[in-house]
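The values are calculated or read from the model by the stated rules, or taken from the named source; none is laboratory data. What you see is a predicted model, and the numbers here were worked out from it, not measured in a lab. Glycine gets a Cβ as well: all are built from the backbone with ideal geometry, and neighbour counts include every protein chain shown. The protein model used for the area step is the full one, side chains on, heavy atoms only, and it has no ligands, DNA or RNA in it. Shrake-Rupley method; radii C 1.70, N 1.55, O 1.52, S 1.80 Å.
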Amino acid sequence: MDNQARILIIEDEAAIRKLLEIVLQSSQFETLVASTAQEGRIMAASHQPDLVLLDLGLPDDDGQHLLASLREWYRQPVIILSARSAESEVVQALDNGANDYLTKPFRTGELLARIRSALRLANPDVVNEPVKNYGHLSIDFSARVVKRNGAVIKLTSTEYALLALFARNEGKVLTHHFILREVWGPGYVERTEYPRVFVGQLRKKIEENPNRPALIVTESGIGYRFAG
Ligand code: CA
């Protein structure tokens, strides 16, 4: 199923663009290509790809800026490809709504694994009850809408994935390792800083008092538990 997905490659280096096309097509993905941010923006809007591979260093616009503008309407996974490896760039891209991040040079096997994982996360398991309430917080799983005291709150796709994971496992202690594997993928289990950073962001948005969290409770040295 995943392999019939249509992937838009936004990359200005012709050699890398060609490599990506060959790798993806050999795994039965359909590919679309763009070599500038402007072209990428138009291709995304006109072809509605299932996933976008986005280079951050583009000739006409910063990839971070393109990502932010795509995220104003585009809900499917975006995986960043970049020569940049600074942690702040990673956090910024994830914060801007990227699902994943690969630093060049990347291994093609890893790229394919990340793409499959991102596509899987974009189509999460069906939850029996479409809307669940947790005190002041409500989550509409069918519409992917979260409300706090009745008002819609804006979550990045990663924040939503994390909250949905917690909500699906209400009452259970989830380890850092489990959270990393479920939300970011098997290649990320050593990125122990991700849960701390994203739980912190999520708490600011969903908790009545982020300094004394009641929904997402820290299990010291182990992980977190969604108290609901
Ligand atoms: Ca580039």
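Any residue at all in region 132-154 that is of a type in the set (D, E, K, R), out of contact with any Leu (no Cβ under 9 Å at 6 or more places or on another chain), within 16 Å of the ligand (Cβ to nearest atom) and at pLDDT 90 or above? No, region 132-154 contains no residue that is of a type in the set (D, E, K, R), out of contact with any Leu (no Cβ under 9 Å at 6 or more places or on another chain), within 16 Å of the ligand (Cβ to nearest atom) and at pLDDT 90 or above. Go through the residues of region 147-166 one by one and say whether even a single one is among the acidic types (D, E), under 30 Å from F29 (Cβ atoms) and open to solvent by 40 Å² or more (accessible area, probe 1.4 Å). Scanning region 147-166 turns up no residue that is among the acidic types (D, E), under 30 Å from F29 (Cβ atoms) and open to solvent by 40 Å² or more (accessible area, probe 1.4 Å).
Among the residues of region 1-30, write down those that are charged (D, E, K, R) and either at pLDDT below 95 or not in a helix (DSSP H, G or I) (or both). Break it down stepwise before answering.
Taking region 1-30 as the starting set, the residues that turn out to be charged (D, E, K, R) are 2, 6, 11-13, 17-18, 21, 30.
Matches in region 1-30: D2, R6, E11, D12, E13, E30.
Residues that are at pLDDT below 90 and within 14 Å of the ligand (Cβ to nearest atom) were ranked within region 64-82; the one that is surrounded by the most Cβ atoms within 10 Å (Cβ to Cβ) is I80.
Would you mind stating whether L58 is within 13 Å of the ligand (Cβ to nearest atom), at pLDDT 90 or above, closer than 24 Å to P195 by Cα and surrounded by 20 or more Cβ atoms within 10 Å (Cβ to Cβ)?
Details: within 13 Å of the ligand (Cβ to nearest atom): yes; at pLDDT 90 or above: yes; closer than 24 Å to P195 by Cα: no; surrounded by 20 or more Cβ atoms within 10 Å (Cβ to Cβ): yes.
So L58 does not fit the description; no.
Inside region 36-55, residues that are within 16 Å of the ligand (Cβ to nearest atom), small (G, A, S) and farther than 20 Å from I115 by Cβ make up a count of 1. Every test in (1) within 16 Å of the ligand (Cβ to nearest atom); (2) within 21 Å of the chain's Cα centre (by Cα); (3) loosely packed, with under 13 Cβ neighbours inside 10 Å is passed by A14 save one, and that test is (2). For region 172-196, a tally of residues being within 15 Å of T218 (Cα to Cα) and open to solvent by 50 Å² or more (accessible area, probe 1.4 Å) returns 8.
The residues of region 41-55 that are closer than 16 Å to K18 by Cα and either surrounded by fewer than 22 Cβ atoms within 10 Å (Cβ to Cβ) or not β-branched (V, I, T) (or both), listed by number, are L53, L54, D55. Taking the conditions (1) open to solvent by 40 Å² or more (accessible area, probe 1.4 Å); (2) within 16 Å of the ligand (Cβ to nearest atom); (3) at pLDDT below 95; (4) among the β-branched types (V, I, T) in turn, V33 satisfies each one other than (3).
Restricting the search to strands (runs of 3 or more DSSP E) fully inside region 155-228 and requiring at least 1 residues that are at pLDDT 90 or above gives 216-219. Condition first: charged (D, E, K, R) and surrounded by fewer than 16 Cβ atoms within 10 Å (Cβ to Cβ). Now tell me which residues in region 197-212 satisfy that. Passing the criteria: K204, E208, R212. Among residues of region 41-61 that are β-branched (V, I, T), those with a Cβ under 9 angstrom from a residue that is within 11 Å of the ligand (Cβ to nearest atom), sequence gap 6+ or separate chain, pair up as V52/I10.
Any idea which of I206, I179 is closer than 26 Å to A118 by Cα, free of Cβ contacts under 8 Å to residues at least 60 places away in the same chain and not assigned by TED's automatic domain parsing to the domain that holds R116?
Values: I206 fails: free of Cβ contacts under 8 Å to residues at least 60 places away in the same chain.
The match here is I179.
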